[in-house]
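Asker: Below is one structure. I have some questions about it.
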Amino acid sequence: MSSSLTDGREAPTLHWSQIHGWFRWRDLQEEAAATFAAGSTFVEVGCYLGRSLCSLAEVVSAADREFTVVGVDYCRGSGPEGTAARDAHAATVAEGDGTLAGQLHRNVIACGYADRVHLVVSPSPAAATLFADGSLAWLHLDARHEYDSVLADIDGWLPKVAPGGWLSGDDYDEQWWPGVVAAVRDRVPDAEECSTGQWRWVKPKSA
Ligand SMILES: C[S@@+](CC[C@H](N)C(=O)[O-])C[C@H]1O[C@@H](n2cnc3c(N)ncnc32)[C@H](O)[C@@H]1O
């Protein structure tokens, strides 16, 4: 039997730390919630089963200001990628008959964030067109890690980041993810390494 919170919502039955995934930038999430103004929008591209996304929802829920949290994923997995050419999402996608959207959404609901997190099931660069230029405080990339994909992600999302906002991403690692490092160096050469294996570019306040 499920229990209800005093406002009528179902009590969470899952914590983000129990969701399978590859998340290690909690410190950036906490820094974003401490840095950006109330009403800011944070977008995470590449959610898989929601580990990092539900952590972000937890962080903003604990903040003293309201933020909008959006997760973008086309829910078909990234395919073989990186130096090891590993397809890490294939089994999960196959279990969902070609999509992991159902499991991602179930996890968001089970963590108690159904009303806080907006899920956009879409290819990454196409999803970027849904947002106004300069409208995002933070855009974090963790989708496909091959050079052309990261380049397309950066090109699509960079204009959407507000002056002073962050464009960042996971797996800044020359050995395992050379495509990420090369695309970041080619497009945003003044990006810096931060957190654990992350890169971050801060958009100049005046262009
Ligand atoms: C490394 S996983 C994300 C891991 C997640 N951030 C976590 O906390 O574990 C990458 C995800 O990106 C998605 N993805 C890959 N290419 C994409 C694209 N072009 N557009 C949207 N999503 C994409 C895959 O479906 C996959 O779920």
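Asker: Under unit Cβ charges (Lys, Arg +1; Asp, Glu -1), what dipole magnitude, rounded to 20 debye, does the chain have relative to its Cα centre?
Answerer: Working: 16 positive and 29 negative charges, 65 e Å.
About 320 debye.
Asker: Per the helix-only calculation at 222 nm, which mean residue ellipticity applies to the chain, given -39500 (n - 2.57) for every DSSP H run of n ≥ 4 and division by its residues, nearest 500 deg cm²/dmol? Show your work: numbers first, answer last.
Answerer: Values: 7 runs with 64 residues, N = 207.
Calculated mean residue ellipticity at 222 nm is -9000 deg cm²/dmol.
Asker: With point charges of +1 on the Cβ of Lys and Arg and -1 on the Cβ of Asp and Glu, referenced to the Cα centre of the chain, which listed residue (Trp177, Gly50, Ser61) lies farthest in the positive direction of the dipole?
Answerer: Ser61
Asker: Return the loop-located trypsin sites (Lys or Arg not before Pro) in region 34-95 (DSSP other than H, G, I, E, B) with at most 12 other Cβ atoms within 10 Å of their own Cβ; answer none if there are none.
Answerer: Values: sites: Arg51, Arg65, Arg76, Arg86; in loops: Arg65, Arg76.
Within region 34-95, the qualifying trypsin sites (Lys or Arg not before Pro) (loop, at most 12 other Cβ atoms within 10 Å) are Arg65.
Asker: Please provide three numbers in whole Å: the alpha-carbon extents of region 59-148 along the principal axes, with the largest listed first.
Answerer: Largest to smallest, the principal-axis extents are 42, 32, 22 Å.
Asker: Among Val72, Phe36, Thr83, whose Cα projects farthest towards the positive end of the dipole of region 22-84, with charges put on the beta-carbon of Lys, Arg (+1) and Asp, Glu (-1)?
Answerer: So the residue furthest toward the plus end is Thr83.
Asker: Starting from the Cα of Ser206, step 7 Å toward the Cβ, then list every residue of region 160-189 with an amide N under 19 Å from that point.
Answerer: 162-165
Asker: Please arrange Leu104, Leu158 by accessible surface area, largest first, computed with a 1.4 Å probe and ligands excluded.
Answerer: Working: Leu104 5, Leu158 45 Å².
So the residues, ranked largest to smallest area, are Leu158, Leu104.
Asker: Still on this model: With a 1.4 Å probe and all protein chains kept in place, how much accessible area does Phe67 have, in Å² rounded to the nearest 10?
Answerer: Accessible surface of Phe67 is approximately 10 Å².
Asker: Determine how large the accessible area of Thr129 is when every protein chain is in place; take a 1.4 Å probe and give Å² rounded to the nearest 10.
Answerer: My reading of the accessible area for Thr129 is about 100 Å².
Asker: So with the 1.4 Å probe, I'd like the accessible area per residue for region 1-115, rounded to whole Å². Write out the running numbers ahead of the final one.
Answerer: Numbers: 5680 Å² over 115 residues.
That works out to 49 Å² per residue.
Asker: Still on this structure, I have one more. So what's the gap between the Cα centers of region 160-204 and region 69-108, to the nearest angstrom?
Answerer: 22
Asker: Rounded, prolate or oblate: which fits region 1-109 when a ≥ b ≥ c are the square roots of the eigenvalues of the alpha-carbon gyration tensor, with rounded for a/c under 1.5 and prolate only if a/b beats b/c?
Answerer: Values: a/c = 2.35, a/b = 1.33, b/c = 1.76.
The shape class here is oblate.
Asker: Rounded to a whole number, what is D in µm²/s for region 22-202 from Stokes-Einstein with the Kirkwood radius over alpha-carbon pairs (37 °C, 0.692 mPa s)?
Answerer: On the way: Rh = 16.3 Å.
The diffusion coefficient I find is 202 µm²/s.
Asker: At a Förster distance of 35 Å, what's the computed FRET efficiency of Asp97 paired with Asp190, Cβ-Cβ distance as r, to 0.05? Working shown, then result.
Answerer: Working: r = 43 Å, r/R0 = 1.24.
For R0 = 35 Å, the calculated efficiency reads 0.20.
Asker: In what sequence, largest accessible area first, do Asp73, Asp190 appear using a 1.4 Å probe?
Answerer: Order by accessible area, largest first: Asp190, Asp73.
Asker: Can you tell me what share of the DSSP beta bridges in region 22-202 is antiparallel? A percent to the nearest 5 is fine. Please report the intermediate quantities before stating the final value.
Answerer: Working: 8 of 27 bridges.
Around 30 percent antiparallel, to the nearest 5.
Asker: Using only alpha carbon pairs under 8 Å that are at least six residues apart, calculate the relative contact order of region 22-202 and give it in whole percent. Can you show the working numbers first?
Answerer: Details: 341 pairs, mean separation 40.1, N = 181.
Rounded, it is 22 percent for region 22-202.
Asker: Check Cys194: other-chain or 5+ apart residues with amide H under 5 Å from its amide H, H built from backbone geometry?
Answerer: Distant-sequence amide H within range of Cys194: Trp199, Arg200.
Asker: Sort Trp199, Trp16 by accessible area with a 1.4 Å probe, largest first. It would help to have the intermediate numbers written out before the result.
Answerer: Values: Trp199 5, Trp16 40 Å².
Ranked list, largest accessible area first: Trp16, Trp199.
The values are calculated or read from the model by the stated rules, or taken from the named source; none is laboratory data. Since we're looking at a predicted model, the values are computed, not measured. FYI the Cβ positions are ideal-geometry reconstructions off the backbone, even for glycines, and counts take in every protein chain you see. Just so you know, the surface numbers come from the protein's heavy atoms only, side chains and all, with ligands and any DNA or RNA stripped out. Shrake-Rupley method; radii C 1.70, N 1.55, O 1.52, S 1.80 Å.
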